[in-house]
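Undergrad: First the structure, which I've put down as structure tokens, then a few questions once you've had a look.
The values are calculated or read from the model by the stated rules, or taken from the named source; none is laboratory data. Just so you know, these numbers come straight off a predicted model, no measurement behind them. Note that each Cβ is placed from the backbone with ideal geometry, even for glycine, and that neighbours are counted across all protein chains shown. The protein model used for the area step is the full one, side chains on, heavy atoms only, and it has no ligands, DNA or RNA in it. Shrake-Rupley method; radii C 1.70, N 1.55, O 1.52, S 1.80 Å.
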Amino acid sequence: MQIWLLQLGVIILAALICGALAERLGQSKVVGEIAAGLLLGPSLLGAIDIDLYHSLFSSVTMPAMSQLGELGLVLLMFQLGLHLDLKSLQGRARMTAPLTVSLLGMIIPFALGCAIGVVSRPIVAPQVAPLGYILFCGLALSISAVPVMARIVMDLRMSDSPAAALALASATFTDLLGWLMLAVIAALAAGTFSFGQTLRDLGLLCAFVAASVLIARPLWQRLLNRRKEMAMSPAILACVICYVLLSSWITATIGFHSAFGALMAALVLRGHPALVQAWRQRVESFVELVLMPVFFAYAGIRVSLGSIQSADFWPWFCLFLAAAIFGKFGGSYLGARLSGIPHRDARVIGALMNTRGLMELIVLTIGLQLGILPVPVYSMLVLMALVTTAMTVPLLRRWQRQESTITNNRKMDDGNPVPT
């Protein structure tokens, strides 16, 4: 227990410092929090003093830290869903635009990743089974990171932006499909794939969504509407948290990530100002100050970049990076434009969809554990995920400044000077 408490304090402090530095450099806090994990992991702390690293982050206590971080992810996804503005999607052919963005944002990078996998396997992964490696390279380039994207949207105060809402909806579809593809690829690699099991999992997920909308939502509406004119009691808030955890457990049991259950719970409970206010006053600060830094830093701690030795590393890394950016940003931008989204919003959607961050690290870790990815390729893809994530905030800030300048110039042209 003493070591676990020390771990928690070190991680929170390191994440706080690195998050503040990242913001001063124009990045989102989440990039600094992942970097804090890298600094505390075997790549830096382990290289400086391996005994200190093993004594501080022992294998005995790290599973508890992982579970605490998982709780942070679940509560963050619920928190995001409560604040998410979905009205902007209703006037754009409902879910047609997110589906189009999601599909083109997956198909193009997946094809590019598979092509690189075919070319690179004989050189960087000759000992790995071809089919699993090639498909996994495609999947790695196709992933978007809903939790990281959510954190960026919140940091930049874009929750009310139609483009951000559409990107988050698209990324949710992308991750659902991505987790399904991961299950299929893992089964193919292990020789246990079953088409019937896959259909069963999808059927269970659809049944859960239907039950949430048709049964859980009316019950919660009836209960929360009685509290509309009064403060939310601690007992009701405790029941809400239990429902979020139950919903997350159901989706995890079905075979999908627990984050989707939390987001589904938020969609069931959203639209009640008293609940939003109570959550903000009693839960939100703890999630952002403690649980989320643990979640992102823990992901970084598990990453080791000590495999960067070969002269072939950087050319293949640059190829993966170029394909990831062109495929994901370009595919998502094309999907948005085909859906009638203006250029300014489409580029924001493309930049947000190009955010991979933590979900990519989770997927890559699974690939490494299954033996599908060799360590050098794993390291290339980890770096690719961090670079594409770090690109997002500077691009969005730059475009925000451009939009502000254009708006101010228009006001000046109209004879309404903007006060300085």
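Undergrad: When the residues of the range 24-60 are filtered to those that are closer than 21 Å to Leu289 by Cα and not in a helix (DSSP H, G or I), which remaining residue is modelled with the highest pLDDT?
TA: Leu25
Undergrad: Continuing with the same structure: Conditions: (1) under 30 Å from Leu381 (Cα atoms); (2) part of a helix (DSSP H, G or I); (3) open to solvent by less than 40 Å² (accessible area, probe 1.4 Å); (4) of a type outside the set (Gly, Ala, Ser). Tyr243 meets all but one. Number of the miss?
TA: So Tyr243 meets the others, but not (1).
Undergrad: Would you check which residues across the range 384-412 are under 21 Å from Leu352 (Cβ atoms) and charged (D, E, K, R) and list them?
TA: Passing the criteria: Arg397, Arg398, Arg401, Glu403.
Undergrad: Looking only at residues in the range 197-219 that are open to solvent by less than 50 Å² (accessible area, probe 1.4 Å) and among the small types (Gly, Ala, Ser), which one is modelled with the lowest pLDDT?
TA: By that ranking, first place goes to Gly203.
Undergrad: Only one of Ala390, Ala336 is modelled with pLDDT of 90 or more and not in a loop (DSSP other than H, G, I, E, B). Can you tell me which?
TA: Ala336
Undergrad: Does the range 33-59 hold any residues that are free of Cβ contacts under 8 Å to residues at least 24 places away in the same chain and within 29 Å of the chain's Cα centre (by Cα), and which are they?
TA: Leu44, Leu45, Tyr53, His54, Ser59
Undergrad: Can I ask one more? Starting from residues that are assigned to a loop (DSSP other than H, G, I, E, B) and open to solvent by 50 Å² or more (accessible area, probe 1.4 Å), keep the ones in the range 246-276 and report whichever is farthest from Ala145 (Cα to Cα).
TA: Per the criteria, the residue is Gly271.
Undergrad: State yes or no: is Ser159 open to solvent by less than 10 Å² (accessible area, probe 1.4 Å) and either in a loop (DSSP other than H, G, I, E, B) or in contact with a strand residue (DSSP E or B) (Cβ under 6 Å, 6 or more places away or on another chain) (or both)?
TA: No, not satisfied.
Undergrad: Hey, Ser144 hits all of (1) modelled with pLDDT under 90; (2) in a helix (DSSP H, G or I); (3) buried (at least 18 other Cβ atoms within 10 Å of the Cβ); (4) not β-branched (Val, Ile, Thr) but one; which does it fall short on?
TA: (2)
Undergrad: Output yes when any residue across the range 108-131 is at pLDDT 80 or above, within 30 Å of Val287 (Cβ to Cβ), open to solvent by less than 60 Å² (accessible area, probe 1.4 Å) and part of a helix (DSSP H, G or I), and no when none is.
TA: no
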